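Peer 1: Sending over a structure as structure tokens; questions will come in a sec.
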Amino acid sequence: MKVKFWGVRGSIACPGPKTVYYGGNTSCIELYFEKADRLIIIDAGSGIRPLGHDLKKRTLSKKGLKADIFLSHTHWDHIMGFPFFDPIYLPGTELNIYGPVTYEEETLEKIIGAQLSYRYFPVRHSELASTLRYHQLKECEIDLGDGIHLKTKFLNHTLQCLGYRFEYQGKSLCTAFDTEPFHNLFAMPANSPDYDPYAVAEGKKAADEENRRIVAFCLGADMLIHDAQYSEEEYETDKRGWGHSSFEHAIATGTFAKVKKLYLFHHDPARSDKDLATVEHKWRKKSPGDNRPDIYVAKEGATVEL
């Protein structure tokens, strides 16, 4: 399993002189299974555009491009690159597009297809030369064929969002973005007039259980790509409830889950190359007996072999 980062930013693409090294494109990750000649793409942020250009230069199949796209969710920064993904304009391209069911009535096809309408874009969804099939997902396990197995897990975000775990030939890759820790929604001071000890206890129990389920989902993974948009100070100051994690929380999750490699991902658009280098230098250092995973800051263009 070869993993390549094509976009590592969150919220909005941020090209410029301060983001050259780690990259400014939003979320897009390529998984390539060489023996099976299978391509899986996770998210269609602005990073899917250069991936599409690269795929046109490669020969993944003599019959045209066939791939699966797994969307973590449909917030703009995770789908904005789809209309600029060159293969969707080529006959012979076949894409299975997977994503979570939302609380809204709109289907995944309608949400993605709405980008390709004349009010937003010069080409309509119905005019594409490729064959697109849409599949809405909940928490599940799926045999994707060729020995590739998928597990999904709902995350804690402001929109229905899925984490993915891909397993292949004894190796496993987990994604957990966009997400933040589950918190007790009923927590309040004991002297509050609305204080209900039963509700507070049950709220804590529910939050703790969901956090344990996230750890169990990632348990023993060879590679975990985890949301790390903020520092813990930033998160606790004014970012709680925004649906994103801190570096410290991502590292704690990776440690509890006993993952081998942890990649901090979904970088804040205001975080410069210098800022991210400082983060990587700080957290990569390990002392004797430290049981943390090997920690990296995800970098656009970087490739990892599992």
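Values in this text are rule-based calculations from the coordinates and carry no lab data. Note that the structure is a prediction, hence the values are computed from the model and not measured. Neighbour counts run over all protein chains shown; Cβ positions are idealised from the backbone, glycine included.
Peer 1: I need the full set of residues from the range 96-120 which are over 19 Å from the mean Cα position of the chain (by Cα) and either buried (at least 16 other Cβ atoms within 10 Å of the Cβ) or not charged (D, E, K, R) (or both), in order please.
Peer 2: Y103, T107, E109, G113, A114, Q115, L116, S117, Y118, Y120
Peer 1: Taking the residues in the range 165-186 that are in contact (Cβ under 8 Å) with a residue 24 or more places away in the chain and more than 25 Å from D208 (Cβ to Cβ) as candidates, determine which candidate is surrounded by the fewest Cβ atoms within 10 Å (Cβ to Cβ).
Peer 2: Going through the qualifying residues, I end up with Q169.
Peer 1: Look through I225, I251 and report the one residue that is closer than 20 Å to L159 by Cβ and either touching a Cys at 6+ places or on another chain (Cβ under 9 Å) or aliphatic (A, V, I, L, M) (or both).
Peer 2: One residue alone meets the criteria, I225.
Peer 1: Of (1) of a type in the set (G, A, S); (2) free of Cβ contacts under 8 Å to residues at least 40 places away in the same chain; (3) in contact with a strand residue (DSSP E or B) (Cβ under 6 Å, 6 or more places away or on another chain); (4) farther than 16 Å from N156 by Cα, G289 satisfies all except one. Which?
Peer 2: Failing condition for G289: (3).
Yes or no, residue by residue, for (1) assigned to a strand (DSSP E or B); (2) within 24 Å of W6 (Cα to Cα):
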residue	(1), (2)
D77	no, yes
Y98	yes, yes
E109	no, yes
S126	no, no
Y134	yes, yes
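Peer 1: Could you please find all residues in the range 1-13 being among the aliphatic types (A, V, I, L, M) and either more than 18 Å from D54 (Cα to Cα) or part of a loop (DSSP other than H, G, I, E, B) (or both)?
Peer 2: Within the range 1-13, M1, V8, I12, A13 qualify.
Peer 1: May I ask you to say which residue of T253, T303, T278 is within 28 Å of G16 (Cβ to Cβ) and either in contact with a Leu (Cβ under 9 Å, 6 or more places away or on another chain) or in contact (Cβ under 8 Å) with a residue 40 or more places away in the chain (or both)?
Peer 2: Selected residue: T303, the only one of T253, T303, T278 that is within 28 Å of G16 (Cβ to Cβ) and either in contact with a Leu (Cβ under 9 Å, 6 or more places away or on another chain) or in contact (Cβ under 8 Å) with a residue 40 or more places away in the chain (or both).
Peer 1: Among the residues of the range 14-54, count how many are crowded, with 20+ Cβ neighbours inside 10 Å and assigned to a loop (DSSP other than H, G, I, E, B).
Peer 2: 12
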